[in-house]
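What follows is one structure encoded as structure tokens, with my remarks underneath.
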Amino acid sequence: MKKIPIAVALCLTVGLFIAGCGNQEQPAPAQNQQQQQQIQIDAASEALFEKGLSFYQQFQYDQAISLYDQALAKDQKNYKALSGKGIALAMRGDGVNPKEVRQGISLIRQALELKPDYVPSFYDLALALKIDKQYDESITWFQKVIDSEPDNTWSYYGIATIYGDQGNAEKAVLYLKKAAAIDKENVKEAARSQSHFDRIRNTRAFQGFMNQ
């Protein structure tokens, strides 16, 4: 993923409202969900997670992972730190270490097993799966974010980038329009700059969107 300023929004919506994931087709029983809703994160562990998040937002993945590990050492049920470590591993492994990306996906799924309604983890998982080119499931999790947060610009945009990478101009533009309806200026800047849309950049649909 090209690390331009607007790309930070796609990579780091986690820092704005997100972090975690779980088994897509097998939700936990209602009783277990009620228990999981009541998880209280240790205060010291929470503080370490927040420090780790600040490093993640600056693309300093090694430092972020170290702090997430410290957070988990204090509280193994810190689902935020599990998900945060997972997406940091996936981002660090992007394009260089597929095994690390999949390790990250596994950690995010563990976070969602602890807290299946934690929307930030939906986004973490969607992004990690996208990095791993598991596009169909990635779209499913982006859509889960949208179902919970209908104004989440960067989940619409995330879906658009997948269709752009696949060369599907009509669907890419469909989701770009949904994202732009919320944040037109930043979405167009991102679409103009990112390589995800190179395959469709000269199509009538994409050019029409950019010229609106």
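Taking the criterion of being open to solvent by less than 10 Å² (accessible area, probe 1.4 Å) and at pLDDT 95 or above, would at least one residue in the stretch 23-45 satisfy it? Yes, some residue in the stretch 23-45 is open to solvent by less than 10 Å² (accessible area, probe 1.4 Å) and at pLDDT 95 or above.
Going through (1) of a type outside the set (Gly, Ala, Ser); (2) within 23 Å of ILE159 (Cα to Cα); (3) part of a helix (DSSP H, G or I) one by one, LYS133 falls short only on (3).
Only residues that are within 18 Å of the chain's Cα centre (by Cα) and either among the hydroxyl-bearing types (Ser, Thr, Tyr) or surrounded by fewer than 23 Cβ atoms within 10 Å (Cβ to Cβ) (or both) were counted across the stretch 163-173, and they come to 2.
Check whether at least one residue in the stretch 149-156 is assigned to a helix (DSSP H, G or I), open to solvent by 40 Å² or more (accessible area, probe 1.4 Å) and either touching a Lys or Arg at 6+ places or on another chain (Cβ under 8 Å) or among the charged types (D, E, K, R) (or both), and report yes or no. Break it down into steps so the answer makes sense when it comes.
Filtering the stretch 149-156 for residues assigned to a helix (DSSP H, G or I) gives 153-156.
Among the residues that remain, those that are also open to solvent by 40 Å² or more (accessible area, probe 1.4 Å) are: none.
Within the stretch 149-156, none of the residues are assigned to a helix (DSSP H, G or I), open to solvent by 40 Å² or more (accessible area, probe 1.4 Å) and either touching a Lys or Arg at 6+ places or on another chain (Cβ under 8 Å) or among the charged types (D, E, K, R) (or both).
Yes/no matrix, rows are residues, columns are (1) crowded, with 20+ Cβ neighbours inside 10 Å; (2) in contact with a Phe, Trp or Tyr (Cβ under 6 Å, 6 or more places away or on another chain):
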residue	(1), (2)
PRO98	no, no
VAL101	yes, no
SER106	no, no
LEU114	yes, yes
ASP117	no, no
SER121	yes, no
ALA126	yes, yes
GLN134	no, no
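Scanning the stretch 63-84 for residues that are of a type in the set (D, E, K, R) and either closer than 13 Å to ILE108 by Cβ or open to solvent by 40 Å² or more (accessible area, probe 1.4 Å) (or both), we see that the one that is nearest to the chain's Cα centre (by Cα) is LYS80.
Every listed requirement among (1) part of a helix (DSSP H, G or I); (2) farther than 30 Å from ALA47 by Cβ is met by GLN110 save one, (2).
Do you know which residues across the stretch 183-196 are open to solvent by 70 Å² or more (accessible area, probe 1.4 Å) and either at pLDDT below 95 or in contact with a helix residue (DSSP H, G or I) (Cβ under 6 Å, 6 or more places away or on another chain) (or both)?
Quick first cut of the stretch 183-196, residues open to solvent by 70 Å² or more (accessible area, probe 1.4 Å) only: 184-185, 189, 192.
Of everything in the stretch 183-196, just one residue is open to solvent by 70 Å² or more (accessible area, probe 1.4 Å) and either at pLDDT below 95 or in contact with a helix residue (DSSP H, G or I) (Cβ under 6 Å, 6 or more places away or on another chain) (or both), namely GLU189.
Residue pairs, Cβ under 8 Å, 6 or more apart or interchain, first in the stretch 136-164 and more than 11 Å from TYR175 (Cα to Cα) and touching a residue at least 40 places away in the same chain (Cβ under 8 Å), second open to solvent by 30 Å² or more (accessible area, probe 1.4 Å) and outside any helix (DSSP H, G or I). List them. Cβ pairs passing all conditions: GLU137/GLN24; THR140/GLN24; TRP141/GLN24.
Within the stretch 95-107, residues that are of a type in the set (Ser, Thr, Tyr) sit with their Cβ atoms under 8 Å from residues that are modelled with pLDDT of 95 or more, at 6+ positions apart or across chains, in these pairs: SER106/GLY86.
In the stretch 184-212, what residues are acidic (Asp, Glu) and assigned to a helix (DSSP H, G or I)?
Filtering the stretch 184-212 down to residues acidic (Asp, Glu) leaves 185, 189, 198.
Matches in the stretch 184-212: GLU185, GLU189.
The values are calculated or read from the model by the stated rules, or taken from the named source; none is laboratory data. Since we're looking at a predicted model, the values are computed, not measured. Cβ: placed from backbone, ideal geometry, glycine included. Neighbour counts: every protein chain shown. SASA here: full protein model, heavy atoms, side chains in, ligands and nucleic acids out. Shrake-Rupley method; radii C 1.70, N 1.55, O 1.52, S 1.80 Å.
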